[in-house]
């Protein structure tokens, strides 16, 4: 790390390399923080969490009890030990509360004045954060599994909605109406996700084992249908034509640059795809336990080299190297199955929620600078400033060359 600082000070190196190296070091040292708690409000499992992009300060959670909670993640106590307080709650006493399980919550991407929730009560609600009242309510004929707003859209205000109906609904926040339907799946749509690179590109995952990529400007069907065997010449096309998994596909996540798409399925597999060509990159993550019948929320780190993926795996969160498939570590702390996790890129922290009604904070645990210097002087081949995992020595050394 001192080498990075010296090179940056002398103007010999790109400052982004220092930032990337430090972000990677922090992610590799994630541990359950005994000094940070999150208020326990939910009386049933937590299905979805989201951290606002605008400030990086507020976190949303939605639970199987129909309750929505907003937490303040900032520590203003001046002490290392603190609790992230619930600043407001849409609880069972509210006349506007969802009647059944809240499956997805998401902040409006550009400010914290608005957020969106969807539920098994067949509704999606757009909330005014100030009043905690719905500004708009969209009603559907079946249970809603997932919704998503584009994080980059400038020319549209569409919310994609996946439900028990095989059709994907596109709802316009400006007009308050459902303006378009995407048809192609043959079973319930468990997850939908807009590309962080192209504002009109949408991915969907379904219980029919398929993952489709859409350009919502085109009415002629999907652009791509991902095929798990396309990269393997030994597999016949008729064996499992155009299926992404051999079971229900219940998880979708784009990488931060939008160049790759990750999917998870009930076949206990996770796959990495080229989002432009639909090619299976054939990265082997091994067995990724997945017993969820609904949407599974997982996430990818940002600003690291290499990038990492965090995926719920039973009562733990599994951390994998994105492009090699290596299992880096298992984050254990929940007492029951984990259903969602969210990465905080500002501080390289991770938050996870599960059926034990708890939200846990996983934060970097770094050594004092003096200890780091001593270790660096005695271990010339360490993987960057820490040697938590020898498998990443090559990645670190290539950055330093």
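The values are calculated or read from the model by the stated rules, or taken from the named source; none is laboratory data. Please read these numbers as outputs of a predicted model, since none were measured by experiment. Counting neighbours? That spans all protein chains shown, and the Cβs are built from the backbone with ideal geometry, glycine included.
Among the residues of the stretch 78-93, write down those that are touching a strand residue (DSSP E or B) at 6+ places or on another chain (Cβ under 9 Å) and part of a loop (DSSP other than H, G, I, E, B).
80, 81, 85, 91, listed by residue number.
Does the stretch 41-51 contain any residue that is more than 18 Å from residue 344 (Cα to Cα), part of a loop (DSSP other than H, G, I, E, B) and not assigned by TED's automatic domain parsing to the domain that holds residue 113?
Within the stretch 41-51, none of the residues are more than 18 Å from residue 344 (Cα to Cα), part of a loop (DSSP other than H, G, I, E, B) and not assigned by TED's automatic domain parsing to the domain that holds residue 113.
In the stretch 106-113, is there at least one residue being crowded, with 20+ Cβ neighbours inside 10 Å and within 16 Å of residue 144 (Cα to Cα)?
yes
Among the listed residues 175, 117, identify the single one that is surrounded by fewer than 23 Cβ atoms within 10 Å (Cβ to Cβ) and either free of Cβ contacts under 8 Å to residues at least 40 places away in the same chain or not in a loop (DSSP other than H, G, I, E, B) (or both).
175
Among the residues in the stretch 127-140, are any in a loop (DSSP other than H, G, I, E, B), in contact (Cβ under 8 Å) with a residue 40 or more places away in the chain and at positive phi?
Scanning the stretch 127-140 turns up at least one residue that is in a loop (DSSP other than H, G, I, E, B), in contact (Cβ under 8 Å) with a residue 40 or more places away in the chain and at positive phi.
Would you mention how many residues in the stretch 249-279 are in contact with a strand residue (DSSP E or B) (Cβ under 6 Å, 6 or more places away or on another chain) and more than 19 Å from residue 301 (Cα to Cα)?
Residues in the stretch 249-279 being in contact with a strand residue (DSSP E or B) (Cβ under 6 Å, 6 or more places away or on another chain) and more than 19 Å from residue 301 (Cα to Cα): 4 in total.
Got a sec? Which of 72, 50 is farther than 15 Å from residue 119 by Cα, touching a strand residue (DSSP E or B) at 6+ places or on another chain (Cβ under 7 Å) and without any contact (Cβ under 8 Å) to a residue 24 or more places away in the chain?
72
What strands (runs of 3 or more DSSP E), lying completely within the stretch 254-332, carry at least 3 residues that are assigned by TED's automatic domain parsing to the domain that holds residue 204 and over 22 Å from residue 50 (Cα atoms)?
Hits in the stretch 254-332: 269-274, 327-332.
To keep it simple, each residue is scored yes or no on (1) free of Cβ contacts under 8 Å to residues at least 60 places away in the same chain; (2) within 17 Å of residue 264 (Cβ to Cβ); (3) surrounded by fewer than 21 Cβ atoms within 10 Å (Cβ to Cβ).
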residue: 289; (1), (2), (3): yes, yes, yes
residue: 303; (1), (2), (3): no, no, yes
residue: 314; (1), (2), (3): yes, yes, yes
residue: 320; (1), (2), (3): yes, yes, no
residue: 342; (1), (2), (3): no, yes, no
residue: 356; (1), (2), (3): no, no, yes
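Could you list all residues from the stretch 178-197 that are crowded, with 17+ Cβ neighbours inside 10 Å and part of a strand (DSSP E or B)?
Those that are crowded, with 17+ Cβ neighbours inside 10 Å and part of a strand (DSSP E or B): 182, 189, 190, 191, 192, 193, 194.
Are there any pairs, at least 6 apart or on different chains, whose C-beta atoms fall under 6 Å, with the first in the stretch 92-105 and assigned by TED's automatic domain parsing to the domain that holds residue 127 and the second surrounded by fewer than 15 Cβ atoms within 10 Å (Cβ to Cβ), and if so, which?
Within 6 Å, the pairs are 96/133.
Within 21 Å of residue 215 (Cβ to Cβ) and in the same structural domain as residue 59 (by TED's automatic domain parsing): does that describe residue 182?
yes
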